[in-house]
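Undergrad: Attaching a single structure in structure tokens format; questions to follow.
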Amino acid sequence: VLVSQNAKASWVPASLSKLVTALVVLDTHPDFNTKCVVNADDEVGGARLYAIANSKYRLGDLMSATLVASANNAANALADCTGLTRAEFVLKMNEKATALGAKNTHFVDPSGISEFATTTALDMANIANAAFSTQTVREIARQQTVWFCSTTDTTKCHNLTNTNKLFGDPALEMIAGKTGYLDESR
């Protein structure tokens, strides 16, 4: 941390929660070629992968949709693809945050869509440091665009752009990044 202001103030993490979602998925040592289902109940609003209900995607592609395009339904499908219940997955997210030193953080869902999740800037700095120190997360999160197709219908393809506009700034050399927004988090 180079500069901080109100680093311990409670805040809504929004889609920054997806960094912990990715770390928890990686803790399960997944095969990135595993086919995961995007169900109708994965839809929670906000940014999304425009997928037909019950479509299948490679786990690696859902990880890209989660970290690059911040797709909420992709984050939920990733959580489901681990074999954990949603409640078990969120418990693992909170355990992971605590293990990373984020003691003032509480997640309630894998996507970050809930305004009831809380964190602090200091906790999120610890989480981001851990996430971007992970080669897989760093390599995925630094992509400006990703392109992939459903494994169910190979004509249903997606070309997703990174939500982080700093990647388009030629004056910057970006290592990785993640955006997050809800009205409650501003």
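Undergrad: In region 144-159, what residues are polar (S, T, N, Q), under 23 Å from Lys178 (Cα atoms) and open to solvent by less than 90 Å² (accessible area, probe 1.4 Å)? Quick ask: steps written out before the conclusion?
TA: Of the residues in region 144-159, the ones polar (S, T, N, Q) are 144-145, 150-152, 154-155, 159.
In the following step, the residues that additionally are under 23 Å from Lys178 (Cα atoms) were identified as 144-145, 159.
If the condition is that a residue be polar (S, T, N, Q), under 23 Å from Lys178 (Cα atoms) and open to solvent by less than 90 Å² (accessible area, probe 1.4 Å), then Thr145 is the only one that fits.
Undergrad: Using the structure shown, decide if Val44 is touching a Phe, Trp or Tyr at 6+ places or on another chain (Cβ under 6 Å) and not in a helix (DSSP H, G or I).
TA: Values: touching a Phe, Trp or Tyr at 6+ places or on another chain (Cβ under 6 Å): no; not in a helix (DSSP H, G or I): yes.
The answer is no for Val44.
Undergrad: Residues that are among the charged types (D, E, K, R) and out of contact with any Leu (no Cβ under 6 Å at 6 or more places or on another chain): which helices (runs of 4 or more DSSP H) entirely in region 49-148 hold 3 or more of them? Step through it out loud before you land on a result.
TA: Working: elements: 59-67, 72-81, 86-99, 121-132, 135-141.
Counting at least 3 such residues, we get 86-99.
Undergrad: Further question on the same structure: Regarding region 66-83, can at least one residue be identified that is over 25 Å from Asp183 (Cβ atoms), over 10 Å from the mean Cα position of the chain (by Cα) and at pLDDT below 95? Even if it seems obvious, please write down each step before you answer.
TA: Initially, region 66-83 is screened for residues over 25 Å from Asp183 (Cβ atoms), giving 80-83.
If we keep only those that are over 10 Å from the mean Cα position of the chain (by Cα) too, we end up with 80-83.
Checking the rest, the ones that are also at pLDDT below 95 come to none.
No; the residues of region 66-83 include none that is over 25 Å from Asp183 (Cβ atoms), over 10 Å from the mean Cα position of the chain (by Cα) and at pLDDT below 95.
Undergrad: Would you mind stating whether Ala7 is touching a helix residue (DSSP H, G or I) at 6+ places or on another chain (Cβ under 7 Å), free of Cβ contacts under 8 Å to residues at least 24 places away in the same chain and either surrounded by fewer than 20 Cβ atoms within 10 Å (Cβ to Cβ) or within 21 Å of Ala102 (Cα to Cα) (or both)?
TA: On the way: touching a helix residue (DSSP H, G or I) at 6+ places or on another chain (Cβ under 7 Å): yes; free of Cβ contacts under 8 Å to residues at least 24 places away in the same chain: no; either surrounded by fewer than 20 Cβ atoms within 10 Å (Cβ to Cβ) or within 21 Å of Ala102 (Cα to Cα) (or both): yes.
When the stated conditions are applied, Ala7 does not pass them.
Undergrad: Residues in region 18-28: is at least one assigned to a loop (DSSP other than H, G, I, E, B), in contact (Cβ under 8 Å) with a residue 24 or more places away in the chain and over 20 Å from His106 (Cβ atoms)? Steps first, please.
TA: First, the residues of region 18-28 that are assigned to a loop (DSSP other than H, G, I, E, B): 28.
Those still in the list that are in contact (Cβ under 8 Å) with a residue 24 or more places away in the chain too: 28.
Next, from what is left, pick out any that are over 20 Å from His106 (Cβ atoms): 28.
Checking region 18-28: at least one residue is assigned to a loop (DSSP other than H, G, I, E, B), in contact (Cβ under 8 Å) with a residue 24 or more places away in the chain and over 20 Å from His106 (Cβ atoms).
Undergrad: Being without any contact (Cβ under 8 Å) to a residue 40 or more places away in the chain, within 14 Å of the chain's Cα centre (by Cα) and over 12 Å from Lys178 (Cβ atoms) is the filter here, so list the residues in region 132-143 that pass it. Don't jump to the end; show me each part of the working.
TA: From region 132-143, those without any contact (Cβ under 8 Å) to a residue 40 or more places away in the chain are 133, 135, 138-139, 142; that's our starting set.
Filter once more, keeping what is within 14 Å of the chain's Cα centre (by Cα): 138-139, 142.
If the condition is that a residue be without any contact (Cβ under 8 Å) to a residue 40 or more places away in the chain, within 14 Å of the chain's Cα centre (by Cα) and over 12 Å from Lys178 (Cβ atoms), then Glu139 is the only one that fits.
Undergrad: Looking for something more than 21 Å from Ser55 (Cβ to Cβ), open to solvent by 50 Å² or more (accessible area, probe 1.4 Å), in contact (Cβ under 8 Å) with a residue 24 or more places away in the chain and of a type in the set (S, T, N, Q) - is there at least one such residue anywhere in region 91-98? If you could, list the steps in order and put the result at the bottom.
TA: Initial filter on region 91-98 (more than 21 Å from Ser55 (Cβ to Cβ)): 91-98.
Restricting the remaining residues to those that are open to solvent by 50 Å² or more (accessible area, probe 1.4 Å) gives 91-92, 95, 98.
The next check asks that each one be in contact (Cβ under 8 Å) with a residue 24 or more places away in the chain; those that pass are 92.
Remaining after also requiring of a type in the set (S, T, N, Q): none.
Checking region 91-98: not a single residue is more than 21 Å from Ser55 (Cβ to Cβ), open to solvent by 50 Å² or more (accessible area, probe 1.4 Å), in contact (Cβ under 8 Å) with a residue 24 or more places away in the chain and of a type in the set (S, T, N, Q).
Undergrad: I'd like to know if region 122-131 contains one or more residues that are over 13 Å from the mean Cα position of the chain (by Cα) and exposed (fewer than 12 other Cβ atoms within 10 Å of the Cβ).
TA: Among the residues of region 122-131, not one is over 13 Å from the mean Cα position of the chain (by Cα) and exposed (fewer than 12 other Cβ atoms within 10 Å of the Cβ), which makes the answer no.
Undergrad: With respect to Glu88, is the statement that it is within 14 Å of the chain's Cα centre (by Cα), exposed (fewer than 15 other Cβ atoms within 10 Å of the Cβ) and within 22 Å of Thr28 (Cβ to Cβ) true?
TA: Working: within 14 Å of the chain's Cα centre (by Cα): no; exposed (fewer than 15 other Cβ atoms within 10 Å of the Cβ): yes; within 22 Å of Thr28 (Cβ to Cβ): yes.
So Glu88 fails the test.
Undergrad: What's the number of the condition Ala53 fails, among (1) touching a residue at least 60 places away in the same chain (Cβ under 8 Å); (2) loosely packed, with under 14 Cβ neighbours inside 10 Å; (3) hydrophobic (A, V, I, L, M, F, W, C); (4) in contact with a strand residue (DSSP E or B) (Cβ under 9 Å, 6 or more places away or on another chain)?
TA: The failed condition is (1).
Undergrad: I'm trying to understand the selection: among the residues of region 160-183, which are open to solvent by 30 Å² or more (accessible area, probe 1.4 Å) and not in a loop (DSSP other than H, G, I, E, B)? Steps first, please.
TA: Residues of region 160-183 that are open to solvent by 30 Å² or more (accessible area, probe 1.4 Å), as a first pass: 161, 163, 165-166, 168-175, 179-181, 183.
Of everything in region 160-183, those that are open to solvent by 30 Å² or more (accessible area, probe 1.4 Å) and not in a loop (DSSP other than H, G, I, E, B) turn out to be Thr161, Lys165, Leu166, Gly168.
The values are calculated or read from the model by the stated rules, or taken from the named source; none is laboratory data. None of the values given here were measured: they were computed from a predicted structure. Positions of Cβ are generated from backbone atoms using ideal geometry, with glycine treated the same way; all protein chains shown enter the neighbour counts. Accessible surface is based on the protein model in full, side chains and every heavy atom, while ligands, DNA and RNA are left aside. Shrake-Rupley method; radii C 1.70, N 1.55, O 1.52, S 1.80 Å.
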